[in-house]
Structure formats: structure tokens, C-alpha cells
Amino acid sequence: QVQLVESGGGLVQPGGSLRLSCAASESISTLYVMGWYRQAPGKERELVARISSGGHIIYADSVKGRFTITRDNAEQTVHLQMGSLKPEDTAVYYCNAYNTFSRLDSWGKGTLVTVSS
């Protein structure tokens, strides 16, 4: 199962930007749908954005126009560029890899994003 390591979280002021990165331990080029999820305190984990191996992208309505997901198959990485951040974006952000052959999910340990003045 692929191992995932997130980075790039931190404290940012409202209106600011952050770029999250997820490094995979093996090739993600064909089998994996890659995604970012988040979980705020007291809430369930929710999808933020997802990108297929063919480049099809889905965003949660709450982040459309503010966040951009990209993948670099050669570097085995996935990024989430976050802009116009709001306090309600505060959460632990998790990288996910869904193997379309085995139908198994892999998760990173998460990176905390705090949006506060």
C-alpha cells in the first residue's frame, strides 16, 4: 500500500495562502485517484478536492475558486494550493490515494492548517 506524507500546513491569516504537498512512496501515475480531505474539530472528514490519473478534478463547493489541486506523476506528488483562506478552512488536511485496481484507500497522517488573525 502506498505511503503518503503531507507537508506545508501552518498558521495563516484570513485571506492568506498556503500550499500543501503530498509525497507518495511509489508511482501514482496510472492506478491512483489522489485527493485532499479535511477534518475540522468536532466534524466529520470531508472531501476538499480530488484528481484522477487522467486529470479529472472535483472540488467541494466550499473551496471552488479558491483552491487548486495538481498532481506531478513524475515526482509522485500532489499539491493543494489554497488561497483566500477563511477561518472555517481550519482543519487537519489529509492526503488520500485511492487505488482503482485494488479499491483500497491509503491515508497520510495529516497536516494542520489554522486560519486565524
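The values are calculated or read from the model by the stated rules, or taken from the named source; none is laboratory data. Being a predicted model, the structure only gives us computed values, none of them experimental. Here Cβ is always computed from backbone atoms with ideal geometry, including for glycine, and neighbour counts include all displayed protein chains. Ligands, DNA and RNA are excluded from the accessible area calculation, which covers all protein heavy atoms including side chains. Shrake-Rupley method; radii C 1.70, N 1.55, O 1.52, S 1.80 Å.
Could you calculate the contour length gain from Lys43 to Ser106, that is, 0.36 nm times the residue separation minus the distance between their Cα atoms, to one decimal place in nm? Walk me through the numbers before you get to the answer.
Values: separation 63, 0.36 × 63 = 22.68 nm, distance 2.06 nm.
Full extension from Lys43 to Ser106 adds 20.6 nm.
Can you list the residues of segment 1-34 with backbone N under 17 Å from a point 7 Å past the Cα of Ala74, pointing along Cα to Cβ?
Correct set: 24, 27-30.
How large is ³J(HN,Hα) for each residue in segment 17-27, as worked out from phi by the Karplus curve 6.51 cos²θ - 1.76 cosθ + 1.60 (θ = phi - 60°), to whole Hz, x for Gly and Pro?
My calculation for segment 17-27 gives 10, 8, 10, 8, 10, 9, 9, 9, 7, 8, 4 Hz in order.
Calculate the dipole size of the chain relative to its Cα centre from +1 charges on Lys and Arg beta carbons and -1 charges on Asp and Glu beta carbons; express the result in debye to the nearest 20. Please list the in-between numbers first.
Numbers: 11 positive and 10 negative charges, 33 e Å.
Once rounded to the nearest 20, the dipole reads 160 debye.
Report in % the part of the accessible area of the chain that belongs to carbon and sulfur, leaving out ligands and nucleic acids; probe 1.4 Å.
On the chain, the fraction of accessible area on carbon and sulfur atoms equals 49 percent.
Ignoring ligands, DNA and RNA, how do Leu31, Leu112 rank by accessible area with a 1.4 Å probe, largest first?
Largest accessible area first, the list is Leu112, Leu31.
When DSSP assigns beta bridges and you keep just the ones with both residues in the chain, what percent turn out antiparallel, to the nearest 5?
95
How about segment 1-95: which GluC sites (Glu not before Pro) there are in a DSSP loop, with at most 13 other Cβ atoms within 10 Å of their Cβ?
Counting only loop positions with at most 13 other Cβ atoms within 10 Å, the GluC sites (Glu not before Pro) in segment 1-95 are Glu26, Glu44, Glu75.
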